[in-house]
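The values are calculated or read from the model by the stated rules, or taken from the named source; none is laboratory data. Predicted model, so just to flag it, every value in this text is computed and none were measured. Cβ placement follows ideal geometry from the backbone for every residue including glycine, while neighbour counts extend to all protein chains displayed. Note: accessible area is taken over every heavy atom of the protein model, side chains too, but ligands, DNA and RNA are not part of it. Shrake-Rupley method; radii C 1.70, N 1.55, O 1.52, S 1.80 Å.
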Amino acid sequence: MIHTADVEALKQKITQLHTEHRDLDDVISRLSQSPAQDQIQLQRLKKRKLFLKDQISVLERQLV
């Protein structure tokens, strides 16, 4: 069983990851609209965004 302090720490980490995920989404959107887009940078940002999504899922499963 997870202790209350651990649950709060997980919730805080999930919130941080959601914020970073949302910020990356905004950056990716802006870079995609740029005429001089850097495909390698976009690819790296998208991979990071997917990684964050996976991490959020793992942590949310731990809460259940």
Dipole moment magnitude, nearest 20 debye, the range 17-64 about Cα centre, only Lys, Arg, Asp, Glu C-beta charged: 140 debye
Nearest 10 degrees, 0 to 90: helix 39-63 Cα axis against the chain principal axis: 10 degrees
Average accessible surface area per residue within the range 25-64, 1.4 Å rolling probe, Å²: 81 Å²
nm² value of the averaged projected area, convex hull over the Cα atoms of the chain: 4.3 nm²
